[in-house]
């Protein structure tokens, strides 16, 4: 017979020690391996249940690991070996939680699942299939909570974004009239149309063959304007010289008249 291991249960006061308060966008940035022993506090609104996730599983009665079918019934999947063949149905409810910065996955296992839902997974399994979300679970969508969570590092290191286990329901804020306004979750319909960007080589070739509009003036036009100004100035100078000659000639005539 497999010996039952003693479990050390952590008090709520202990779990709150050294807890860092984070937004969901902050939680998205954590390192699942380096931060696997840390606790975080976040305030989220549950916006849906995760798709393609069962709400309960066959849990080993000794270690709570998942049980899978085998030739003589079910066997435990614990890596270091567990000979137990018996199981109970336990919660593994995955909610999508969101604040105004991001949305992430939050898992409720048996203890916190019973605390949230008010019934055991064994009780709900008698009425509902694991692939069908019971109303006792879905009724919590749009409710806001403050959780203390820890990262599910084995799951998170395989996914693009981390997932978290709820280890404490710190505060219940009630059902919300509106869901968080996620600015990052923008549909393709809201995006501007894509504009093709040509290659650098094509841009350089185009720049060589393109003449800007403000230089679209022939050189001869500029030269003609310069000549016009030069001609006017030369004409003005020559006109002055002619006038001086006439004045000088008139003065000479007056002198001659006086002599006569």
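Cα centroid separation, the range 95-143 to the range 34-93: 14 Å.
Here the calculated FRET efficiency for residue 23 and residue 177, from their Cβ-Cβ distance with R0 = 30 Å, stands at 0.90, rounded to the nearest 0.05.
Based on the convex hull around the alpha carbon atoms, the range 12-175 presents an average projected area of 10.4 nm².
Sorted largest first, the principal axis extents computed over the alpha-carbon atoms of the range 77-119 equal 46, 27, 10 Å.
The shape of the range 30-119 can be summarised by an equivalent ellipsoid whose semi-axes, obtained from the alpha carbon gyration tensor, come to 29, 17, 12 Å from longest to shortest.
Just so you know, all these numbers are worked out from the coordinates, no wet-lab data involved. This is a predicted model, so every value here is computed, not measured. Because the Cβ atoms are built from the backbone with ideal geometry, glycine has one as well, and the counts that use them run over all protein chains shown.
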